[in-house]
1. Which one of these is closer than 25 Å to THR23 by Cα and not aromatic (Phe, Trp, Tyr): GLU196, GLU163, GLU122?
2. Among the residues of the stretch 160-184, write down those that are of a type in the set (A, V, I, L, M, F, W, C), in contact with a Leu (Cβ under 9 Å, 6 or more places away or on another chain) and assigned to a loop (DSSP other than H, G, I, E, B).
3. Based on what the data block shows, is ILE206 more than 25 Å from the chain's Cα centre (by Cα) and in the same structural domain as ILE228 (by TED's automatic domain parsing)?
4. Within the bounds of the stretch 185-200, is there any residue that is in contact with a Gly (Cβ under 7 Å, 6 or more places away or on another chain), part of a loop (DSSP other than H, G, I, E, B) and under 14 Å from MET239 (Cβ atoms)?
5. Considering only residues that are of a type in the set (Lys, Arg) and either surrounded by 14 or more Cβ atoms within 10 Å (Cβ to Cβ) or in contact with a strand residue (DSSP E or B) (Cβ under 8 Å, 6 or more places away or on another chain) (or both), look in the stretch 186-211 and name the one that is farthest from LEU243 (Cα to Cα).
6. From the list ILE51, ILE35, ILE46, which one is among the β-branched types (Val, Ile, Thr) and surrounded by fewer than 17 Cβ atoms within 10 Å (Cβ to Cβ)?
7. Restricted to the stretch 248-283, and to residues that are under 14 Å from ARG295 (Cα atoms) and touching a residue at least 60 places away in the same chain (Cβ under 8 Å), which residue is surrounded by the most Cβ atoms within 10 Å (Cβ to Cβ)?
8. Residues to consider are ARG58, ARG27; find the one that is under 18 Å from the mean Cα position of the chain (by Cα) and over 24 Å from ILE147 (Cβ atoms).
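The values are calculated or read from the model by the stated rules, or taken from the named source; none is laboratory data. Here the structure is a predicted model, which means the values were calculated and not measured. Cβ atoms come from the backbone with ideal geometry, glycine included; neighbour counts cover every protein chain shown.
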Amino acid sequence: MSFSEPCALAVDFGGTSIKMGVTAGDRILATADRIPTAMFESPQAIIDAMIAAALNLREQFPSACVMGMGMPGWCDYHRGVLYQLTNVRVWDHEIPVKELMEQALGLPVVLDNDANCMAYAEWKLGAGRGMSSLVCLTMGTGIGGGIVVNDRMLRGKRLSTGELGQTSIHYQGKPGPFGNRGAIEEYIGNNELAAEAVKRYAGAGIVKTVNECTPRHLDEAARAGCPIALQLWEDTAEMLACLIMNLMYALVPDAFIIGGGVAKAGDLLMKPLLKTLRAQLFPMLMEELKILPARFGAEAGLLGAGAMAMDEFLGQGVLERFKKEEVAKVLC
């Protein structure tokens, strides 16, 4: 491979598959074949598969000098430990991911929550570039979040800040996975939105499956004038407005950046969202409110993981050592 500039190996660990690639800034230089998570019977087997793919990528890109990893679940950013992996049944105990990967690859490794990596991509490379404070919301199967305050990722004492999908929009609402009443992702995650659509269509005598009620299908139906789909988007906007209102009063960020399937509804979501927020926010805060679509889509996880790793080690001599090694190769 002719690419000779410093670059990063990157991992975006999903619930059903693992994406791996090589990044440089906002570019993905190469990707490996996806690794399905369901085929493995232990965390070590998953680690071994990631190591094999990483070694292959590094062979193609010898200039890779760091690795960034975004994984769902409870991550200890400082220790590089993953306590539990969301949606992967076999990963139910603490694993020192950073240490294992560094030993196998001989590269410095950064491990963080996948939503933080997506937020990092938007902050450093995307819609939030140049901002000092922002909230990034990813609206897919669940509601993920990353928060930047005064030019720093907000992680909190137990490194779990940003679990915005677990915040409540109703104190007597549906219980979340930890008994938390009214967790917003119990209402407007992709699956919950589809289930609610099926229920409302059935009430109108229309039979639809959840596969026919994805955000894309509901977008198309609303734009065709379907009153059920239109009302669903208004209700989704009202619930999302509750979350944004609470965060605006608490943080007053430079912007909210929204990505994911639900967010692609565009004006179907934004118009009722802004209308609801105008009715609930202090006027001065409404003047400051900025809601932006995410620049990146599915590639955000890889880009953010790679960028985070490069930035983390910039001040620790990694790139300087890389440049010296390249000079030595030329002289030899």
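1. Result of the check over GLU196, GLU163, GLU122: GLU122.
2. ILE169, ILE184
3. yes
4. yes
5. Residues of the stretch 186-211 that are of a type in the set (Lys, Arg), as a first pass: 199-200, 208.
From what is left, the residues that are either surrounded by 14 or more Cβ atoms within 10 Å (Cβ to Cβ) or in contact with a strand residue (DSSP E or B) (Cβ under 8 Å, 6 or more places away or on another chain) (or both) are 200, 208.
Working: ARG200: 24, LYS208: 29 Å.
Looking at residues that are of a type in the set (Lys, Arg) and either surrounded by 14 or more Cβ atoms within 10 Å (Cβ to Cβ) or in contact with a strand residue (DSSP E or B) (Cβ under 8 Å, 6 or more places away or on another chain) (or both), I get LYS208.
6. On the way: ILE35 fails: surrounded by fewer than 17 Cβ atoms within 10 Å (Cβ to Cβ); ILE46 fails: surrounded by fewer than 17 Cβ atoms within 10 Å (Cβ to Cβ).
Answer to the check: ILE51.
7. Applying the filter and picking the extreme gives ILE257.
8. Going through ARG58, ARG27 in turn, just one is under 18 Å from the mean Cα position of the chain (by Cα) and over 24 Å from ILE147 (Cβ atoms): ARG27.
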